[in-house]
Structure formats: structure tokens, C-alpha cells
Amino acid sequence: MYNVAIAGATGAVGEELLLVLEEYNFPIKKLVPLASARSVGKDVEFKGQKIAVKELTCDVFEEESIDIAFFSAGGSVSAKFAPCAAKAGAVVIDNTSYFRMNPDVPLVVPEVNPQDIALWKKTGIIANPNCSTIQMVISLAPLHREFGIKRVDVATYQAVSGAGKKGMEELLEQMRALFNFKLEKEVENREVFQYQIALNVIPHIDKFLDNGFTKEELKMVNETNKIMHTNMEIAPTCVRVPVLRSHSEAITIYCEKEVEVKKAKEVLANFEDVKVIDNPAKNEYPMPIIATDTDYVYVGRIRKDLYEDNVLHFFNVADQIRVGAATNAVRIGIKWIESEGEEFLKGKYGK
Ligand code: A2P
């Protein structure tokens, strides 16, 4: 059993982590919720009990003898405090982008590259990939094994939960304003997104770079190749849409081999945590309302290109807060316990 801390326990992903840890019956001896000084005095709920939030400090990990620390409080917070947790002897599972491309830090999607977890010993930190990357690599991995992917073109339809609780609140408040006043009128409240997000679509997530792509798009390029140990060409267009918490992606893959729709469906359906929903005759395909609050990547609209034999198109959807963040982090924790935990505990407690 482990002492587990959640840094960012009052946030959208932090709250979901509490639910997923409980659902997965994670072996917890003591749970320590951490957030900023603003949240001291608040409680979080875990297994029907209220637990007081503590302030995230460098010393708290040592003081509380933390074994596993989940971080989801933003990149600058991880930069400052994750090394404290690692130094105190905890394994850090970090949800931010801060350590992801560090060659000494494994970047892990347990369904795809569980073997990389072993690298955790170098820094004590395991990075959780970007949400759009996680659901994309889970659907690319079985197809890459079957057909050999050379290039990926992807357009995302990303939910507002990717911008945290504040992003979700901004969409809901704008929707409320639109219902109360005038449809299509620019609503007043606009802090998180560059433009009104209610009834709109914004082709801009994270900062623009000199090459015309955004940082979010480059995360998908670099993280996908790191996780899959590939050198694929990837061209993403990341778009924010007025959906609460599930991301969708329209993906085209260019393969070494000729693709076959039947085979693609078969390898996807047999892959861990993928569900194929693809029955045009009955209007069945993946959508955010199907994926929300579940732990699967849903894949559908699988079809061969009209012109090229080696090109396949499909659509995937997954819950951003769960598959794209909390559930992936907990699955990393479980794999880590399976592969390293006993040894770690032996060292720590002399068992
Ligand atoms: P707090 O609620 O005290 O601000 P979200 O991703 O939904 O926006 O949530 C962000 C999470 O990160 C919250 O739990 C927030 O705590 C926490 N957080 C943000 N900044 C800090 C900080 N400087 N130190 C500790 N926790 C922080």
C-alpha cells in the first residue's frame, strides 16, 4: 500500500484522479490532496470521506512520506515542485508538458509503450502525454503494427476541459448568457479562450510558433514519435470546439503497405482500451456523448482513401479528462507498481 499525493487536487484533472483512483481500487494507504494556499481550508472527497487540502510545498512530500505523487497543477508548478517530490523518494507521474520531451524522462501511454516506464529511475519522474496525443497513439499503435505508418494528417476537435475547470466554466457561462440574451451576440465573459467559444470553433490552441504551427500541434508531433519510437511525418491542426470534455480527431494515415478496412477494424477492436463503433447503415460512429465518462478510445468512420491504396481515414473520440489525463496517469501508476513497486517498497521499508 502506498502514500499517494495529488498536486492540483482541486482542479478538473485532480478531481477526476480522485474518482479514478477509487474506481481502480488503487492500493492507497494515505491520500494527501495538495493545491495552492487559496485552497487550504477546503476538503476533497475520497471513498466517501472528506480529506483536508494541504498547501503544495517542497517539504510536504518528505513530511508525508509520499511514495507516488500525481501532478496536475500546470507546468511551472511541476517545474518547481516535482523535483522536490522525486528527491523525497516518490515516483512522480506528471500530467504537464514540462518534462515530456526530456530524454531522461519516460513519456508513457501504458497500452503503447509500458516498457519505457523502466527509465523512471533516472529522474524519479514519468510524464503523462498531451491529451490529444494519448488518444491518437492508442489508435495508431495497432494500425502501425499492421500497415507501417509513414505519415499522419490529423485535425482535432478539442473540448474546453483541456483548458481546465476555468475553460469549462467559460463555455457554460457563455451558453447561459446566450440563452438569456441574444444568440450569436459576442458574450462579455472571455478570459480563457481568445474568442467566444460558445457556438464557435477556434483553430488555435496554445501559442503560435514561427513555423505557423502551434505548440499544441508540435506536442502531437514530438510526443507521438517519442512514445511510438518512430520518425513519422505528422501534420496536426488543433481546433477548440464548444464540447465540454471529450476530444475528437479526424485522422488520415499514409502506410507502407496497402490498407484493408476489415483488417484495420479487427486490429483496432483487439487492441487494449479501444472500442470500434462503425456501422454507417445504422448511423453508428464515435461521438463525445458516447465517450464522456468512459475509459475507452472509440474509433469509427474507418474507410479507405478514394485514390490511394495505402491511405486510410478514421475518426476517434475519447474523454479528455479521463483517457487524456487522469486514467492514463492511474494506468501508469498501476503498471509502475506491477513492474517496479515491490522492489521500490523493499528498498524503502526493508521488506
Ligand atoms: P487551486 O484550486 O488552489 O488554485 P485546473 O487545471 O482545473 O485549472 O486546476 C489547476 C489545479 O492546480 C488546481 O488544483 C489549483 O489549485 C492547482 N494550482 C494552480 N496553481 C498552483 C500553485 N501555484 N501551487 C499549487 N497548486 C496550484
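Readers should treat all values here as calculations from the given coordinates under stated rules, not as data from a laboratory. It should be emphasised that the depicted structure is a prediction, and the values quoted were computed from it without experimental measurement. Because the Cβ atoms are built from the backbone with ideal geometry, glycine has one as well, and the counts that use them run over all protein chains shown.
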Arranged by the count of other C-beta atoms within 10 angstrom, fewest first, what order do K42, K282 take? K282, K42
Cut-off 13 Å between beta-carbons: net charge of the residues surrounding S139, Lys and Arg +1, Asp and Glu -1: -2
Taking neighbour counts of Cβ atoms within 10 Å as a proxy for exposure, in what order, fewest first, do R190, R38 appear? R38, R190
Provide Rg and Dmax in Å for region 1-106, with only Cα atoms included in the calculation. 12.8, 40
So for region 219-288, if I pair up every lysine 8 or more residues apart or on another chain, how many of those pairs have alpha-carbons under 28 Å apart? 15
Label V40 and Q115 with points 7 Å out from Cα along Cα→Cβ: what is the distance between them in nm? 4.7
5 angstrom amide H check on R240, placed H, neighbours 5+ away: Q158, I202, H204
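Between beta-carbons, use under 11 Å as the cut-off and find the net charge around K166, counting Lys and Arg +1, Asp and Glu -1. Please list the in-between numbers first.
Numbers: positive: K165; negative: E169, E170, E173, E191.
Charge balance in the 11 Å sphere: -3.
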Compute the distance from the alpha-carbon center of region 1-71 to that of region 107-183, in whole Å. 23
Eligible lysines near K50 by straight Cα distance, threshold 16 Å, same-chain separation 8 or greater: K29, K30, K42
Chain lengthening between E260 and H204 when straightened (0.36 nm per residue, less Cα-Cα): 16.8 nm
Label K30 and R303 with points 7 Å out from Cα along Cα→Cβ: what is the distance between them in nm? 5.8
Label-point gap, in nm, between R190 and K165 - each point 7 angstrom along Cα→Cβ: 2.5
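Tell me which DSSP H helices of the chain clear both cut-offs, 20 Å or more of axial length from alpha-carbon atoms and a mean Kyte-Doolittle hydropathy of at least -1.0.
Numbers: long enough: 131-147 (24 Å, 0.66); 164-180 (25 Å, -0.64).
Span-like helices, by this rule, are 131-147, 164-180.
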For the chain, modelled as a GNM with alpha-carbon contacts under 10 angstrom, which of H247, H229, H144 fluctuates the most? H229
Over the Cα atoms of the chain, each weighted equally, I'd like the Debye log10 I(q)/I(0) at q = 0.09, 0.11, 0.15, 0.16 Å⁻¹, rounded to two decimals. -0.50, -0.75, -1.30, -1.42
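Considering only the other residues whose Cβ falls under 9 Å of the Cβ of T294, what net charge follows from Lys and Arg at +1 and Asp and Glu at -1? Before the final figure, lay out each step's value.
Values: positive: K275, R322; negative: D293, D295, D319.
Charge balance in the 9 Å sphere: -1.
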For each cysteine in the chain, check whether another cysteine's C-beta sits under 4.7 Å from its C-beta; list those where none does. C131, C238, C255
Given H placed on each backbone N at 1.01 Å, which residues far from K150 in sequence or on other chains put an amide H within less than 5 Å of it? Y254, C255, E256
